[in-house]
1. Using Cα atoms only, what is the angle between the long axis of helix 54-63 and the major principal axis of the chain, expressed in degrees (0 to 90) to the nearest 10?
2. At a threshold of 8 angstrom on Cα-Cα distance, excluding pairs fewer than six apart, so keeping six or more, what relative contact order does the chain reach in percent?
3. Once Rh for the chain is found with the Kirkwood sum over Cα pairs, what is the Stokes-Einstein diffusion coefficient at 20 °C and 1.002 mPa s, in µm²/s?
4. Roughly how tilted is helix 24-37, in degrees to the nearest 10 and between 0 and 90, from the longest Cα axis of the chain?
5. Rank-order 16-28, 40-52 by packing density, defined as the average count of other C-beta atoms within 10 Å over each peptide's residues, highest first.
6. When the Cα centres of region 9-34 and region 46-87 are compared, how far apart do they sit, in Å?
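Please treat every number below as a calculation from the coordinates, not as lab data. Nothing here was measured: the structure is a model prediction, and the numbers come from that model. As a convention, Cβ positions derive from the backbone with ideal geometry for all residues, glycine included, and neighbour counts pool all protein chains shown.
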């Protein structure tokens, strides 16, 4: 992989991903399922699919990065926070 050739050590690199809200479509869909079909029909993957810190972890795992991995959820300011936190 080209990325690994350029990295001296994977411990030096982390992942910072930001969002205004995590998994909103999933939350909306599963709330509808709950209202229409009942709570026994809500997906067992509802929580993992709706929490916002999953993307940073998944990217870090996929690329083998060992540095800090964090997801920032601060609405409109999330991109600014992610950029500042990465410096």
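1. 40
2. Details: 111 pairs, mean separation 39.5, N = 87.
Relative CO of the chain lands at 45 percent.
3. Numbers: Rh = 14.8 Å.
Roughly 145 µm²/s, to the nearest whole number.
4. Here the helix axis deviates by roughly 20 degrees.
5. Working: 16-28: 15.6, 40-52: 13.2.
Top to bottom by mean Cβ count within 10 Å: 16-28, 40-52.
6. Here the answer is 8 Å between Cα centres.
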